[in-house]
Every structure is written in structure tokens, then in C-alpha cells.
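J.: One structure is given below, represented as C-alpha cells, and several questions about it will come after.
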Amino acid sequence: MLTSKQRATLRGIASSYETIFQVGKGGINDNLIQQVSDALKKRELIKLRVLDNSGYSAREAADEIAERTESDVVQVIGSRFVLFKRNPKEPVIDIKIK
């Protein structure tokens with residue numbers, strides 16, 4: 001679980017990030033979850049977008065993907081959301097997590 005200060009730091013970092021995944025009409029399937037998990041291991045912080053034809057709201061998609069990838073939802077704005085999962089072996093982003 002992230003503190004509000006950690007969440008604010010991550011929001012600032014993610015503001016310059018490009019969206020790397022889209023949730024579309026295929027919805028949230030095992031393939032998408034695997035790709036998101038791999039990206040989280042490599043980058044720790046990723047931005048995703050929910051397309052109008054997906055049938056999900058951004059909050060619903062963020063919560064489901066975060067639960068299935070064991071990550072934290074940092075932010076949901078409009079159709080975009082940001083996820084964070086710390087890599088304990090090789091941390092990329094330096095924030096204090098207790």
C-alpha cells in the first residue's frame with residue numbers, strides 16, 4: 001500500500017510517461033495481464049488507457065488489473081490510469097517504501 005506522499009511522487013513521475021497499453025474490445029484477458037506484469041517488472045510504473053469500446057470504466061479496469069498483477073493503482077484520470085509495482089530485486093524508481 002502506498003502513502004499519499006509516495007502516490008504524489010509517482011503521479012509526478014508518470015505525468016511525462018506515454019501510454020503503453022490499451023484496454024479495448026478484447027477486454028482484460030490473460031494475455032494482457034501477462035504483458036502488464038512483464039512491463040511492471042521492467043519499468044515498475046506504467047500508464048494504461050481504456051478505449052470507449054471496452055465496456056470498462058477506467059476505475060474498473062485499473063482495479064481489476066491491479067488485483068490480478070498484485071500492483072497498486074496510483075492514479076485514474078479520465079480514460080487513463082497509472083499502475084505501480086515495486087521490483088524488489090532491481091528497483092528502478094527510488095521512493096521510500098516501508
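The values are calculated or read from the model by the stated rules, or taken from the named source; none is laboratory data. Since this is a predicted model, take the numbers as computed values, not measurements. Cβ atoms come from the backbone with ideal geometry, glycine included; neighbour counts cover every protein chain shown.
J.: Would you point out the residue of segment 15-50, among those that are within 12 Å of the chain's Cα centre (by Cα) and of a type in the set (S, T, N, Q), that is surrounded by the most Cβ atoms within 10 Å (Cβ to Cβ)?
T.: So, considering only residues that are within 12 Å of the chain's Cα centre (by Cα) and of a type in the set (S, T, N, Q), the one surrounded by the most Cβ atoms within 10 Å (Cβ to Cβ) is Ser37.
J.: Also: Restricting to segment 66-79, count the residues that are in contact (Cβ under 8 Å) with a residue 40 or more places away in the chain and crowded, with 16+ Cβ neighbours inside 10 Å.
T.: Final tally of qualifying residues: 3.
J.: Looking at segment 1-14, which of the residues that are surrounded by 16 or more Cβ atoms within 10 Å (Cβ to Cβ) and either of a type in the set (Ser, Thr, Tyr) or assigned to a loop (DSSP other than H, G, I, E, B) (or both) is modelled with the lowest pLDDT?
T.: Checking each candidate, the answer is Leu2.
Every residue, every condition in (1) assigned to a loop (DSSP other than H, G, I, E, B); (2) farther than 22 Å from Ala8 by Cβ, yes or no:
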{"residue": "Tyr56", "(1), (2)": "yes, yes"}
{"residue": "Ala61", "(1), (2)": "no, yes"}
{"residue": "Ala66", "(1), (2)": "no, no"}
{"residue": "Arg86", "(1), (2)": "yes, no"}
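J.: State which residue pairs qualify: first residue without any contact (Cβ under 8 Å) to a residue 60 or more places away in the chain and inside segment 7-28, second residue assigned to a strand (DSSP E or B) and of a type outside the set (Val, Ile, Thr) in any location, beta carbons under 6 Å apart, and separation of 6 or more residues or different chains.
T.: Note: pairs meeting the criteria are Phe21/Leu48; Gln22/Arg49.
J.: Filter segment 68-84 down to the residues that are aliphatic (A, V, I, L, M) and either farther than 17 Å from Thr3 by Cα or not in a strand (DSSP E or B) (or both) and list them by number.
T.: Ile77
J.: I'm checking my understanding of the structure. Among residues of segment 51-65 that are within 14 Å of Ile33 (Cα to Cα) and crowded, with 19+ Cβ neighbours inside 10 Å, which one is farthest from the chain's Cα centre (by Cα)?
T.: Ala61
J.: For residues that are closer than 19 Å to Glu70 by Cβ and in contact with a Leu (Cβ under 8 Å, 6 or more places away or on another chain), tally how many sit in segment 18-46.
T.: Total meeting the criteria: 7.
J.: Are any residues in segment 15-54 outside any helix (DSSP H, G or I) and of a type in the set (Ser, Thr, Tyr), and if so, which ones?
T.: Hits for segment 15-54 are Ser15, Ser16, Tyr17, Thr19.
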